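Data block below; observations after.
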């Protein structure tokens, strides 16, 4: 009896639910939010949450929390927000698991890459995940002029957090896409999941209560000395990858999928799959040459 009543109620709700979609510029890219709901009132709070995270986690904004910490934390431990600490904890965990293939201290090198320059030994000497110390919600940087770059993890986390805001406001059938980092809630009405086209091979994925991230050099690369260097940098050499690879990872959270895609790109397919299988057994990995 109760199952029948619940089924009737669900059918009635689906009949009232409409599809709403909006896009705004945040985190240096275009963010799209799609929901099924009776109205679109939950979308703006979700965008506001992403804007808040951008102000905390960006290395492009001079006054971001991240950059303020980088300027001060070499002299003494600096207490940071819950968001920044949570992201740095996840980053350091993956750094250890991947043998440094994912490393958010790569900032000095990525800043040179943005200027069209390759890293020199002096710049690379300021990189190393073991020089980032986390303790009691505080950050300490062992070396001066270290720079943290959360570009390989912040967007996935932002997609997760926007999805949480939507769910808290009663909207569970939702999709948040922060460029190539996507977090999905419940499936759209009448569907088994959200249909996502991944970059490697143009594979169609069905996503529900999961996240997907793709890492590749299709759009961002640097050419120097006749070589093509990806924006995905190997922290050990300070150079962008020269072997072309595109990696898509499906995981429970964007906080996992986003950095995993980068780490696997650096490790290579065989070592990357082995690492993911050991530490993230629920993750799905797809690899292709662009």
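The values are calculated or read from the model by the stated rules, or taken from the named source; none is laboratory data. Here the structure is a predicted model, which is why all the values come from computation and not from measurement. Note that we place each Cβ from the backbone using ideal geometry, even for glycine, and neighbour counts take in every protein chain shown.
Those residues that are surrounded by fewer than 21 Cβ atoms within 10 Å (Cβ to Cβ), in contact with a strand residue (DSSP E or B) (Cβ under 9 Å, 6 or more places away or on another chain) and modelled with pLDDT of 95 or more, I need them from region 244-279; list them, please.
Within region 244-279, 252, 253, 273, 277 qualify.
Give 142, 117 a once-over and let me know the one that is free of Cβ contacts under 8 Å to residues at least 12 places away in the same chain and either closer than 27 Å to residue 234 by Cβ or touching a strand residue (DSSP E or B) at 6+ places or on another chain (Cβ under 8 Å) (or both).
117
Would you check if residue 160 is in contact with a strand residue (DSSP E or B) (Cβ under 8 Å, 6 or more places away or on another chain) and either in a helix (DSSP H, G or I) or touching a residue at least 12 places away in the same chain (Cβ under 8 Å) (or both)?
yes
Is at least one residue of region 121-136 touching a strand residue (DSSP E or B) at 6+ places or on another chain (Cβ under 8 Å), surrounded by fewer than 22 Cβ atoms within 10 Å (Cβ to Cβ) and assigned to a helix (DSSP H, G or I)?
yes
Confirm whether residue 212 is closer than 22 Å to residue 262 by Cα, outside any helix (DSSP H, G or I) and in contact with a strand residue (DSSP E or B) (Cβ under 7 Å, 6 or more places away or on another chain).
Yes; evaluated as a whole, the condition is true for this residue.
Just to verify a result, which residue in region 25-46, among those that are surrounded by fewer than 19 Cβ atoms within 10 Å (Cβ to Cβ), in contact (Cβ under 8 Å) with a residue 40 or more places away in the chain and more than 16 Å from the chain's Cα centre (by Cα), is nearest to residue 184 (Cα to Cα)?
34
Of everything in region 152-197, what is buried (at least 22 other Cβ atoms within 10 Å of the Cβ) and over 25 Å from residue 54 (Cα atoms)? Give them in sequence order.
194
So, in region 215-230, of the ones that are closer than 20 Å to residue 285 by Cβ and part of a loop (DSSP other than H, G, I, E, B), which residue ends up modelled with the highest pLDDT? Give the steps one after another, and end with the answer.
Applying the first criterion (closer than 20 Å to residue 285 by Cβ) to region 215-230 yields 215-218, 230.
From what's left, part of a loop (DSSP other than H, G, I, E, B): 216-218.
Details: 216: 69, 217: 58, 218: 52.
In this case the residue turns out to be 216.
Okay, residues lined up against (1) closer than 21 Å to residue 107 by Cα; (2) more than 18 Å from the chain's Cα centre (by Cα); (3) in contact (Cβ under 8 Å) with a residue 12 or more places away in the chain:
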| residue | (1), (2), (3) |
| --- | --- |
| 232 | yes, no, yes |
| 240 | yes, yes, yes |
| 246 | no, no, yes |
| 249 | no, no, yes |
| 252 | no, no, yes |
| 266 | yes, no, yes |
| 274 | no, yes, no |
| 281 | no, yes, no |
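Hey, among the residues in region 83-115 that are more than 17 Å from the chain's Cα centre (by Cα) and in a helix (DSSP H, G or I), which one's surrounded by the most Cβ atoms within 10 Å (Cβ to Cβ)?
This residue is 109.
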